[in-house]
1. If you check A:Leu151, A:Leu194, which single one turns out to be in contact with a Phe, Trp or Tyr (Cβ under 9 Å, 6 or more places away or on another chain), touching a residue at least 12 places away in the same chain (Cβ under 8 Å), outside the structural domain of A:Phe106 (by TED's automatic domain parsing) and more than 30 Å from A:Asp59 (Cβ to Cβ)?
2. Condition test on B:Gly40, is it at pLDDT 85 or above and on the phi > 0 side of the Ramachandran plot?
3. Out of (1) over 22 Å from A:Arg146 (Cα atoms); (2) within 11 Å of another protein chain (Cβ to nearest Cβ), the odd one out for A:Gly40 is which?
4. Out of contact with any helix residue (DSSP H, G or I) (no Cβ under 8 Å at 6 or more places or on another chain) and assigned to a strand (DSSP E or B): is that true of B:Leu34 in this structure?
5. Among A:Leu276, A:Leu324, A:Leu242, A:Leu301, which is the only one that is of a type in the set (A, V, I, L, M, F, W, C), within 14 Å of chain B (Cβ to nearest Cβ) and part of a strand (DSSP E or B)?
6. Quick check on my filter: what residues within segment A:245-258 are of a type outside the set (Lys, Arg) and either in a helix (DSSP H, G or I) or not assigned by TED's automatic domain parsing to the domain that holds A:Leu194 (or both)?
7. So B:Arg282 passes all but one of these: (1) of a type in the set (Lys, Arg); (2) away from chain A (no Cβ under 14 Å); (3) crowded, with 18+ Cβ neighbours inside 10 Å. Which condition number does it fail?
8. If I filter segment A:58-70 down to residues being in contact (Cβ under 8 Å) with a residue 40 or more places away in the chain and surrounded by fewer than 20 Cβ atoms within 10 Å (Cβ to Cβ), which single residue comes out as nearest to the other protein chains (Cβ to nearest Cβ)?
Number of protein chains: 2
Amino acid sequence: MSKRPPSAEDDFVARLIRPLAGEGAFNLEDDAALLVPPRGHDLVLKTDAIVMGVHSFPDDPPDLVARKALRMNLSDLAGKGAKPLGFLLTLALPRNPDQAWLAHFFEGLAEDSKSFACPLLGGDTTRTTGPFSASIIIIGAARRGRMPTRLDARAGDLIAVTGTIGDAALGLFQRLEPERAALWGLSADEHEHLASRYMLPQPRNVLAATIARHARAAMDISDGLVLDLERLCRASGLSARLDADGVPLSPAARKALGTDQALLGTILAGGDDYELLVTLPRDSWGSFSAECEAKGVAATLIGETLSGEAGRVSVMASGRELALEQSGFSHL
Amino acid sequence: MSKRPPSAEDDFVARLIRPLAGEGAFNLEDDAALLVPPRGHDLVLKTDAIVMGVHSFPDDPPDLVARKALRMNLSDLAGKGAKPLGFLLTLALPRNPDQAWLAHFFEGLAEDSKSFACPLLGGDTTRTTGPFSASIIIIGAARRGRMPTRLDARAGDLIAVTGTIGDAALGLFQRLEPERAALWGLSADEHEHLASRYMLPQPRNVLAATIARHARAAMDISDGLVLDLERLCRASGLSARLDADGVPLSPAARKALGTDQALLGTILAGGDDYELLVTLPRDSWGSFSAECEAKGVAATLIGETLSGEAGRVSVMASGRELALEQSGFSHL
């Protein structure tokens, strides 16, 4: 209802945004973006938003906030075996936004847009009476008919994850409760490892083709391993056994867990892993894990899917079923 | 940073959203949407957000807020000669949202999603400490290589618009300043005409194929005729002459203008028209206007593009150039 003429601020934002524009964005001079879909591919679309103060701390470095926002979406494409084609950005700006903060935000966004070959296609900037927020819509291309979903698992599939689990959740924990985390006795490097895994995830886009080739069902892990596996199982109409002892941990996470077994809940149910969760036919594991290793990412078997109550995940450790204190967090 | 388990509220939202899901949305059980691009077409992408209290009044009927949000985006596709394929929705919800309000919002969204054949493909729901906001990302298909942009006008093109101009701006005016608007002497029907043109635009998606066939440059008019024509001219490196006397007005707008000539600025520079602005080669006007008429929408010539200072629009009335008081509003 309240519109107003373009201001110096708007020009400032336009100057920050324009350098990110890719082909089909018409230097942001048109009111829509054009995308020529690659032949023989389907398009994969995903949107994920960050709201300042809800998904990030006010004192987070703005370039890292931006990079994480893009990487959250890139990770979704990796989980769908899709290659990034570009993204749209919707910004909601409070009045008199901090220009230096915004400039750093766009520096970070430009850096990752370039390094992940994911250009800006378009977007919208709007005023808000609330906090700064950024919504990213990412578009990727998957080989026609090859996109794995959460619905595609079959009973008896092997369940695997990439990288290590729980680092980001522990990184957030040590930030929120530094006194308790001091008892873990981590080295400075280990502390920094967990912190950076929370602040700047490493989405597994190098594995997109491998996922498309081998995975039956696949998704990225953003809301906690257990909750995300439950969702995959529910969508596929299956249950699953998750071997907690087999979940891959970083040295830092292993050391923390050694001092406090209760952290297993944080590790298995905390969010922000941005690793990939896949189910595989049994005879695909060999080639899948070899391809992952060739790309520099470890893959680890952590359980199997079962026929049974849809969405039920039994977390087993030392032969007994665990009752997790936290059943995982949702982004919502 | 603050995540939390799914709540009864989230389930409520999921129940509201799911019925809108189209093919490729996997009943919203996957974490991404799949879109099979129609053969021989390019994709057109556009995003536009509404923030409660910024782009809508708190007492606006929620179903109309939702329908306007979708129609703003549908209008962009019409201006690009593109057919809707679907949309993504990003919601930012304050704590304890009004469930009845949300239910009406989704009723309206479902109604227009169906009537414009534009299914929901996916989305994201997030918490905010600010006001309710909804960001829509719409995806359309344009015949390969046929999408007209703002950059495609050539000097000497005819400039045309669809429908009538200024109704929505007058509808907003009479809402904000009812005492002044009472002097216009409108009938109840005329008052309602202007009010509904503001509240529920009629995007010209029936003309998409006509636009793709005939327009050189095209866009929808959302931020005011003069500002949008300036943008088109700037992007095309041209100037333009706009004949104010020729701008098509509804009977209600004509009556209002008759009582107060200063309203010409509101009409030409106010926003929310959601009509189409096109430039045409001279020999295309006959078939373009005939096709529009066959689809039940009037098209009217309002000027021509000229070589000259890029983005300069001369507004002419009775042979003299007008200096508009308001040079138009931006959505930003």
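1. Working: A:Leu194 fails: more than 30 Å from A:Asp59 (Cβ to Cβ).
Just one listed residue meets the conditions, A:Leu151.
2. Criteria met by B:Gly40.
3. Against the list (1) over 22 Å from A:Arg146 (Cα atoms); (2) within 11 Å of another protein chain (Cβ to nearest Cβ), A:Gly40 comes up short only on (1).
4. Here the answer is no, as B:Leu34 does not meet what is asked.
5. On the way: A:Leu324 fails: part of a strand (DSSP E or B); A:Leu242 fails: within 14 Å of chain B (Cβ to nearest Cβ); A:Leu301 fails: within 14 Å of chain B (Cβ to nearest Cβ).
Result of the check over A:Leu276, A:Leu324, A:Leu242, A:Leu301: A:Leu276.
6. Of the residues in segment A:245-258, the ones of a type outside the set (Lys, Arg) are A:245-253, A:256-258.
If the condition is that a residue be of a type outside the set (Lys, Arg) and either in a helix (DSSP H, G or I) or not assigned by TED's automatic domain parsing to the domain that holds A:Leu194 (or both), then A:Asp245, A:Gly246, A:Pro251, A:Ala252, A:Ala253, A:Ala256, A:Leu257, A:Gly258 are the ones that fit.
7. Looking at each condition in turn, B:Arg282 falls short on (3).
8. Residue satisfying both the conditions and the ranking: A:Asp60.
The values are calculated or read from the model by the stated rules, or taken from the named source; none is laboratory data. The structure presented is a predicted model; accordingly, all values stated were derived computationally and were not measured. Cβ coordinates were reconstructed from backbone atoms using ideal geometry, including for glycine residues, and neighbour counts include every protein chain displayed.
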